[in-house]
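A.B. asks: Got a structure for you, questions after.
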């Protein structure tokens, strides 16, 4: 297997982007990456997208996006794993380059959520339609069940959850691509409207439009495109039962733990060596569960990390310096790639006032549904 | 002798008081309560309908009978608020109870007496030997128009009776049906609320048919009012059953235990069947029981029943009517009531 | 909800049919062709008890369109004595009164309607257990369920 590097990145703003269509968003992000790399040629394209079919009635995104990028003819396929679609697109691109079949692959994610579709119902298709959604479960509802189980097992409080949102907004306020660029207080979070107890509006990531893109190539060809590549040292994916009721432990994300272990093994490092991480905080409770499952915080202790500053910029292990899904936004299929973009910038010293000084190893963890799928990538600065 | 091998009832747990409804329309609650002898009525949730009520009552009937669902050869649901206009309630009820697929299913409609109608047919089928057991249910979630007299009484609930030949809990001594074409109360296809002929629903409708059916069955069986321990009449409000009972020569003591309407309301096809279930909850072996229903349109079914020694042994296997009437329940405001009864226009 | 998709699930939705693995005993609800624990295909169909206890719950305030008029409603993961788990609403109580560990009965209810003209979809909901015998009965029942779970 060849060593694989990210050599360029591109990303739109995330937010309610009325003037941009699904294809506009994709092209903007992808073109930025291509321009940065100084190339107008690709061997393959992987489009990460959860639900364009339901959001805007559009399937067959592979050829559509290749075409609009001016690259009709290039092999191009959409990959899907609900909210982990972006991470899976990156993984697939990595594998195609690592095995020697392709030398330059675009991994891009895009989602257009604000064109008037029933977002709650569409997001719920990532959970079990027959046993969960049938009975009135919503996505926030399912994470609320996880939150309550976590509270019962570890004493996590609503305030612990609020601190995750506060920390991520503090980071997002520094990110000009973020959907929300303002700070929050715990009071504001705890007095926001109830969505599904105990989760409130400000515990939940928003509905967003956006796209992100990275170019991957063999490490020994990276100098054609950039002086500052970032190596992908580990990539791993794991699944878990789709329905929450079938999980071994509703307060623990097995898929996140397994994908983490496999990625660390491949990269040859442990959690303590990670300098900066982007983790899937679709709801505040998710960040707590994910850092515990990845071993970035001990089980039961994850709830303190945002409040104490351990996972804030300047702390022991800065998590979601981009602002996370909460503040940066969560155009579902784009998120996994956006995480890679943030880490690419961190590991090439290009994060400006969000820079983690001397960051060498970065970890991106991208999750689908209520943790039925999880993809982890480990990056290393060159 | 054929009879009732098992019985059950179900009353939804929400209530609205007569007072709350009266307040909504600027009427004096005291006058309404005294006039109709109604205190409160049951209110179904969005998740309750004739089918769900029938399943609950049917399950209780099977439990008391101790009979395997596979032995039930017929399922009849009598209601004037079947959830579908076309597609039987009975098929859902049968599948939910594990009955069938070799089973005869039919839905019955005859305003408030669709339940006893189903009982009549279930009994006859068992007596003929065509099936071993037949389940008859009377259940409703009927509507009363806003600011109409019926809004105080139209409620939700039902009772189920499993008829069989061997070892019944209650023997059926005789039955009779009295029917004429009398347009006292009706609902045209597509209309949301029923309509009625005001005072015409009294003497020429309710009183005439209940009196005729009861008188004829007493004649036929050679029995007199004082021979009975209990009597149950259809209960459109609190007053009518007391009035007709008195005129027929029955006492308050005989009418009392089955007179569930003051706190239940009028469950239409479930009305006299639930009253009967309440009586079976307390009857002693060899007690004679008379039930006469009334359905607008119009007609009455009358049954003379005798409790057996098995009744006290098996009735503890499912909840009693009183436990549902007096047990845990939640009171709703008129606004909540209007929401549950879909009287509020929503954006589709 | 297209009719075939609804109709196929009737045995599990109407009668709580589940499968017990013939090899390892794991109970799956709804039924599974392959045991999620040991991958065996030796499955026995069973009907679950109409009771259980709440393992975790939430109260949904922002519902999907289909459940608009019913919010807020409690949604819980309930475990039956057979060890099967299901996600159900908790009805006939103040949502705020739902607690982890609460005993519930399972009752047949109308779960959803397909708009004004579509099919009606039935299933089970949990209701707080009101034992017929009173407090002592509740205690006894609670112990029975604990033993069954052990």
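A.B. asks: Return only the number of the condition from (1) in contact (Cβ under 8 Å) with a residue 24 or more places away in the chain; (2) part of a helix (DSSP H, G or I); (3) in contact with a helix residue (DSSP H, G or I) (Cβ under 8 Å, 6 or more places away or on another chain) that residue A:280 does not satisfy.
C.D. replies: Among (1) in contact (Cβ under 8 Å) with a residue 24 or more places away in the chain; (2) part of a helix (DSSP H, G or I); (3) in contact with a helix residue (DSSP H, G or I) (Cβ under 8 Å, 6 or more places away or on another chain), the lone unmet condition for residue A:280 is (2).
A.B. asks: In addition: Report those helices (runs of 4 or more DSSP H) wholly inside segment B:250-337 carrying at least 1 residues which are under 28 Å from residue B:220 (Cα atoms).
C.D. replies: B:252-255, B:271-280, B:310-314
A.B. asks: Right, residue C:129: modelled with pLDDT under 95, closer than 19 Å to residue B:340 by Cβ, touching a strand residue (DSSP E or B) at 6+ places or on another chain (Cβ under 9 Å) and more than 8 Å from chain A (Cβ to nearest Cβ) or not?
C.D. replies: no
A.B. asks: Sticking with this structure for a sec: For residues that are closer than 20 Å to residue B:45 by Cβ, at the interface with chain A (Cβ under 9 Å from one of its Cβ atoms) and part of a loop (DSSP other than H, G, I, E, B), tally how many sit in segment C:68-105.
C.D. replies: Result for segment C:68-105: 2.
A.B. asks: From the list A:242, A:253, which one is closer than 23 Å to residue C:85 by Cα and away from chain C (no Cβ under 14 Å)?
C.D. replies: A:253
A.B. asks: In addition: Could you check how many residues of segment A:332-349 are in contact with a helix residue (DSSP H, G or I) (Cβ under 8 Å, 6 or more places away or on another chain) and assigned to a loop (DSSP other than H, G, I, E, B)?
C.D. replies: Qualifying residue count, segment A:332-349: 0.
A.B. asks: How many of the residues making up segment A:97-139 are more than 7 Å from chain C (Cβ to nearest Cβ) and either in a loop (DSSP other than H, G, I, E, B) or in contact with a strand residue (DSSP E or B) (Cβ under 8 Å, 6 or more places away or on another chain) (or both)?
C.D. replies: Here the count works out to 26.
Results for (1) at pLDDT 95 or above; (2) in contact with a strand residue (DSSP E or B) (Cβ under 7 Å, 6 or more places away or on another chain), shown as yes or no for each residue.
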site	(1), (2)
B:7	yes, yes
B:12	yes, yes
B:26	yes, no
B:36	no, no
B:47	yes, yes
B:55	yes, yes
B:67	yes, yes
B:70	yes, no
B:78	yes, yes
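A.B. asks: Can you find a residue in segment A:35-47 that is surrounded by fewer than 24 Cβ atoms within 10 Å (Cβ to Cβ), outside the structural domain of residue A:340 (by TED's automatic domain parsing), in a loop (DSSP other than H, G, I, E, B) and out of contact with any strand residue (DSSP E or B) (no Cβ under 9 Å at 6 or more places or on another chain)?
C.D. replies: Yes, the conditions are met somewhere in segment A:35-47.
A.B. asks: Of all residues in segment C:49-61, which are within 13 Å of chain A (Cβ to nearest Cβ) and in a loop (DSSP other than H, G, I, E, B)?
C.D. replies: Across segment C:49-61, the qualifying residue is only C:61.
A.B. asks: If you go through segment A:67-90 one residue at a time, do you hit one that is under 23 Å from residue A:13 (Cα atoms), within 14 Å of another protein chain (Cβ to nearest Cβ), out of contact with any strand residue (DSSP E or B) (no Cβ under 7 Å at 6 or more places or on another chain) and modelled with pLDDT of 95 or more?
C.D. replies: Taking every residue of segment A:67-90 in turn, none turns out to be under 23 Å from residue A:13 (Cα atoms), within 14 Å of another protein chain (Cβ to nearest Cβ), out of contact with any strand residue (DSSP E or B) (no Cβ under 7 Å at 6 or more places or on another chain) and modelled with pLDDT of 95 or more.
A.B. asks: A further question on this structure: Evaluate the following for residue A:187: is it more than 14 Å from chain C (Cβ to nearest Cβ), without any contact (Cβ under 8 Å) to a residue 12 or more places away in the chain and not in a loop (DSSP other than H, G, I, E, B)?
C.D. replies: The answer is yes for residue A:187.
A.B. asks: Quick check, is residue A:272 more than 14 Å from chain C (Cβ to nearest Cβ), free of Cβ contacts under 8 Å to residues at least 40 places away in the same chain, in a loop (DSSP other than H, G, I, E, B) and surrounded by fewer than 24 Cβ atoms within 10 Å (Cβ to Cβ)?
C.D. replies: It is false that residue A:272 is more than 14 Å from chain C (Cβ to nearest Cβ), free of Cβ contacts under 8 Å to residues at least 40 places away in the same chain, in a loop (DSSP other than H, G, I, E, B) and surrounded by fewer than 24 Cβ atoms within 10 Å (Cβ to Cβ).
A.B. asks: Any residue that is within 14 Å of residue B:234 (Cα to Cα), buried (at least 24 other Cβ atoms within 10 Å of the Cβ) and outside the structural domain of residue B:139 (by TED's automatic domain parsing) - is there at least one of those in segment B:280-288?
C.D. replies: Within segment B:280-288, none of the residues are within 14 Å of residue B:234 (Cα to Cα), buried (at least 24 other Cβ atoms within 10 Å of the Cβ) and outside the structural domain of residue B:139 (by TED's automatic domain parsing).
The values are calculated or read from the model by the stated rules, or taken from the named source; none is laboratory data. No experiment lies behind these values; they were computed from the predicted model shown. Positions of Cβ are generated from backbone atoms using ideal geometry, with glycine treated the same way; all protein chains shown enter the neighbour counts.
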